[in-house]
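This report concerns only the one structure given below.
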Amino acid sequence: MNLKSKAKQISAGKLSAVENVLAFSKKIATPKTKDLNIFLKLNENAISQAKAIDKRIKEKGDVGRLAGLCFAVKSNISVKGLETNCASKVLEGYISPYNATVINKLIAEDAIILGMLNMDEFASGASGETSAFGPTKNPRNPELIPGGSSSGSAAAVAAELCDFAIGSDTGGSIRNPASHCGVVGLKPTYGAVSRYGLIDLSMSLDCVGTLTKSPEDAKLIFNIIQGQDNFDQTTNSNQTLDLINQRTIGSPTSGRGRATASLGGESNSKEKITKRGIIGLVDVSKFCDKEIADLIKTKTEEIAKKKGWKIKKVNLPLDISIQTYYILVYTEFFSTTRKFEGRRFGKKIESSAGPEVLRRIIGGSEITKAEHDGRYYKEALRARAFIKEQFNKLFKEVDAIILPTVPKTAHKIGEAISIKDMYNYDITTTPASIAGIPAISVPIGKINEKEVGLQINTPHFQEELMFKLASDF
Amino acid sequence: MTQNSLWHEVSEKEKEEIRKESKKLLNEFASKLEKVKAKESHFQREDGQREEGDGWKTDEEFRTHMLNNAPFVEDDSIVAEKGGWKK
């Protein structure tokens, strides 16, 4: 059952919000689930909140579009009254005094928070292993990493411990765990969803997004959380999409912000502005396991044949993307962590963080020294402009781009791996992050019993086209 | 150098190794980016400036949480010793 249908059932009184919360709570409390180390903190008020929603339904009062649905939140997104610790000892015991904008939007639609989820410490990791409270295990195979950094968010959806989860994606942190856990992970266009209340990793790249069972569910939640926010100046009202009614709100400029859904097959969109019907399939042969590349190619060809798309082989500067990404992240992360000095809240970050967080802080402090002015960060900004330009050129020829979400399948938890190899997990997800375009990962099969995700990128604010394509898989 | 990614407390010696390793890695990345031919660019929005409105108002709970989160509190104030973060 999809989320829309479940919410309808609850609103119609066929399933109560309390029953929904209890069903998940029971599952979360089992020893098998606890061993997966998915939740860090639970919301003790979930039942009373569900009772209030049920009461309103019984009294025929107004309820929101997500009435009674249960969600869980990555521990770097502020939820008032709950511990928002970024899976770090630095913020252990820190209770958020306010809600992130996305949380306010979901609560306004009567969704219920079940709790806060495990993650890589300060979102610094691609495996789910760097949490100071122990690694998250992959529900599909607990010996394997779930991916990261939104490890708990993907694992919670895969283990069916909530209806949907919220995560953050800087260079692949939603898409990567979605791929390893066999769920759908959405990174929206940069600026489509407010970052207010997100404890940032890298402010010019961070996006708040969703983990769900299907692209249809992702679309429902995205439509609720997206939109302009006065507390985040990178959001923009003129590019706000109303995906439920399939139209654009405001006056789109330069063709951006238009709902687009015209790649073969039927479309219920009022506007049809993309006519090419061509998909770009990225050549990943130098950077990706052959079996994964072959699976992506086979699946894309299969769907293309069915839907009448043409496939064009394209190239992206994947190696440059990873180099650019890490210089941007080290610099911006060093800058943002200056607030963790242990006076107003938490502990001093340099004294309490784990190795990966320290690597980024120490590296960031080195490359931002005055003597390096004009190098590192500025070089990365120039490379960023180059990568954006490559996408602009590609999107003149193709409607969307397909590539693997992760170049390798999941390794075993605790397995020794070089820093460079670990960073290379992000090689196929960082290009979209650097360009600020939307991206989605959908599960497409398994290799050696390990989940594999396929990633779709579309131009800025063309989430509608992306959802359409994703549902074809 | 290969290692597992599991969290652990970091010694001063390990911090020094991390410093050397990260510098080496970033230099390697930067030297490759030097070869990329592109101009630094900035995004300029055509419109979409925010309306100021009334701003954000804190509530009593916000104040309570902030004081509870602080390591040192005296009466109604957070104690932030000058230079204390350097220790």
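Bear in mind these aren't lab numbers, they're just calculated from the coordinates by the rules spelled out. Since this is a predicted model, take the numbers as computed values, not measurements. For neighbour counting, all protein chains shown are included, and Cβ atoms are generated from backbone atoms with ideal geometry for every residue, glycine included.
Only one residue of A:101, A:183, A:165 has its Cα farthest out toward the positive end of the dipole of the protein assembly as shown, where Lys and Arg carry +1 and Asp and Glu -1 on Cβ, and that residue is A:183. Listed by chain and number, the aspartates and glutamates whose C-alpha is less than 14 Å from the C-alpha of residue A:14, apart from same-chain residues fewer than 8 away, are A:54. Other residues lying with their Cβ under 10 Å from the Cβ of residue A:136 contribute a combined charge of -1, Lys and Arg counting +1, Asp and Glu -1.
Check cross-link reach from residue B:37 to the aspartates and glutamates: straight Cα distance under 17 Å, and skip same-chain residues fewer than eight apart. In chain and number order, the partners are A:319, A:379, A:389. Ranked by the mean number of other Cβ atoms within 10 Å of their residues, highest first, the peptides A:41-51, A:377-387 come out as A:377-387, A:41-51. For A:466, A:422, A:119, A:203, the sequence from fewest to most other C-beta atoms within 10 Å is A:203, A:422, A:466, A:119.
In straight-distance terms, cross-link reach from residue B:57 covers every one of the lysines whose alpha-carbon lies under 23 Å from its own, apart from those fewer than eight places away in the same chain; here that gives A:80, A:105, A:339.
Residues A:54, A:206, A:373, ranked from the fewest to the most other C-beta atoms within 10 Å, line up as A:373, A:54, A:206. Histogrammed with a bin width of 10 Å, the alpha carbon distances of region A:137-191 distribute as 30, 56, 13, 1 percent, first bin at zero. The calculated 222 nm mean residue ellipticity attributable to helices in chain A amounts to -10500 deg cm²/dmol, summing -39500 (n - 2.57) over DSSP H runs of n ≥ 4 and dividing by all residues. Per-residue Cβ neighbour counts within 10 Å put A:145, B:78 in the sequence B:78, A:145, beginning with the fewest. Pairs spanning more than 23 Å between alpha-carbon atoms, out of A:27/A:60; A:74/B:24; A:290/B:35; A:8/A:219; A:388/A:412; A:4/A:213: A:27/A:60; A:74/B:24; A:290/B:35; A:388/A:412. Calculate I(q)/I(0) for chain A by the Debye formula, one identical point scatterer on each C-alpha and no solvent, and give its log10 at q = 0.10 Å⁻¹ to two decimals. Each listed q maps to, in turn, -0.68. Local charge for residue A:168 was computed over the other residues whose Cβ lies under 15 Å away, with Lys and Arg +1 and Asp and Glu -1, and equals -4. Roughly how big is region A:3-472's charge dipole about its Cα centre, with Cβ charges of +1 (Lys, Arg) and -1 (Asp, Glu), in debye to the nearest 20? Here region A:3-472 has a charge dipole of around 840 debye.
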